[in-house]
Amino acid sequence: MRLLVVDDEAALLFTLGATLELEGIEVEMAESGTEALRRLRETKFDVLLTDIRMPEMSGLELFRQVRAIAPELPVVMMTAFALETVVDDAIGEGIYTVVSKPFDVDHVVEILRRSSMRPYVLVVDAHASEADEVSAKLAAAGLRTTSAYDGGSAAQKLESGPIDICVASPTIPEGTKLLEGVRKSSGLVALIAVADKGAGGAASPQGATAASVASGWIKKPVSVRELLPIIARVRGRAAAH
């Protein structure tokens, strides 16, 4: 995996770069967004890891310009500040996830390895138009997506991968096949369960099973604005398990 790390604090940048190289990652470093853009034009990278708060060009501004150079490049952001509106903006525009400083190196390495696979979000709904609409809106926000309309076809897609997030109602046709597919993934696929209007998450036997494996819940009608931060949070959390 070839990684570009961007941070304006030189000491932290080189310490982090050296640590990640010990994990077998090929690392290049940049001390500014401008330098990062130059390197991105010259070299193909698998992942970009950037600090959010930097002078001249913030991590979010860098991300927006990266979209024009390498639109499918996964971007992971770092921040030492718990509450930043720029984090919400970045998540809404399709970054992979955000990690908080100081962080556990093993945790970050796992996030980087997963993001380098450029995984898809699988959206499953018995109503094809609803699945395709959510999928299209996520894609417009910069995520890679695919759709399925029953548990059987969803389970087949999980097997073929790479998929790391599945957004699905546990009450879809053949929903047990989907849940079994999530279980067989050994934690590589996180389920964000969709609760039908007015229904509790565990209102059915399949819902009860989903409650035991789901990493998050969202209610219908699915709001992509609400779904994006759940996806980013689950992607950041899943690697720690």
Next item on the list: Sort out which residues of region 29-45 are in a loop (DSSP other than H, G, I, E, B) and not acidic (Asp, Glu), and write them in order of number.
Entry: Ser32, Thr43, Lys44, Phe45
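Yes/no per residue for (1) within 15 Å of the chain's Cα centre (by Cα); (2) at pLDDT 95 or above:
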{"site": "Val86", "(1), (2)": "no, no"}
{"site": "Gly94", "(1), (2)": "yes, no"}
{"site": "Val98", "(1), (2)": "yes, no"}
{"site": "Lys101", "(1), (2)": "no, no"}
{"site": "His107", "(1), (2)": "yes, no"}
{"site": "Leu112", "(1), (2)": "yes, yes"}
{"site": "Ser129", "(1), (2)": "no, yes"}
{"site": "Asp132", "(1), (2)": "no, yes"}
{"site": "Ala140", "(1), (2)": "yes, no"}
Check: Can you find a residue in region 46-56 that is within 30 Å of Ile172 (Cα to Cα) and either not in a helix (DSSP H, G or I) or not hydrophobic (A, V, I, L, M, F, W, C) (or both)?
Finding: no
Check: Tally time: how many residues in region 156-177 are more than 20 Å from the chain's Cα centre (by Cα) and at negative phi?
Finding: 8
Checklist line | Set Glu93, Glu42, Glu21: member being of a type outside the set (A, V, I, L, M, F, W, C), closer than 26 Å to Thr145 by Cα and either touching a Ser or Thr at 6+ places or on another chain (Cβ under 7 Å) or surrounded by fewer than 16 Cβ atoms within 10 Å (Cβ to Cβ) (or both) | finding: Glu93
Notebook entry, point to check: Got at least one residue in region 106-119 being under 19 Å from Val224 (Cβ atoms) and of a type outside the set (S, T, N, Q)?
Noted result: yes
Note to self: Pull out all pairs, ordered by first then second residue, where Cβ-Cβ is under 6 Å, the residues are six or more apart or on different chains, the first lies in region 166-178 and is at pLDDT below 90, and the second is polar (S, T, N, Q) and surrounded by fewer than 17 Cβ atoms within 10 Å (Cβ to Cβ).
What the structure shows: Thr171/Ser204
Next item on the list: Could you tell me whether region 161-175 includes any residue that is surrounded by fewer than 16 Cβ atoms within 10 Å (Cβ to Cβ) and part of a helix (DSSP H, G or I)?
Entry: no
Notebook entry, point to check: over 25 Å from Ala195 (Cβ atoms), touching an Asp or Glu at 6+ places or on another chain (Cβ under 7 Å) and exposed (fewer than 15 other Cβ atoms within 10 Å of the Cβ): does that describe Pro102?
Noted result: no
Notebook entry, point to check: When region 165-199 is examined, which residues are found to be among the β-branched types (Val, Ile, Thr) and touching a strand residue (DSSP E or B) at 6+ places or on another chain (Cβ under 7 Å)?
Noted result: Ile165, Val167, Ile172, Val182, Val189, Ile192, Val194
Checklist line | Filter result (of a type in the set (D, E, K, R) and more than 16 Å from the chain's Cα centre (by Cα)) within region 68-84 | finding: Glu84
Next item on the list: Please work out which residue is modelled with the lowest pLDDT, limiting yourself to region 71-84 and to residues that are outside any strand (DSSP E or B) and surrounded by 15 or more Cβ atoms within 10 Å (Cβ to Cβ).
Entry: Glu84
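The values are calculated or read from the model by the stated rules, or taken from the named source; none is laboratory data. What you see is a predicted model, and the numbers here were worked out from it, not measured in a lab. Using ideal geometry, Cβ is built from the backbone for each residue, glycine included, and neighbour counts are taken over all protein chains shown.
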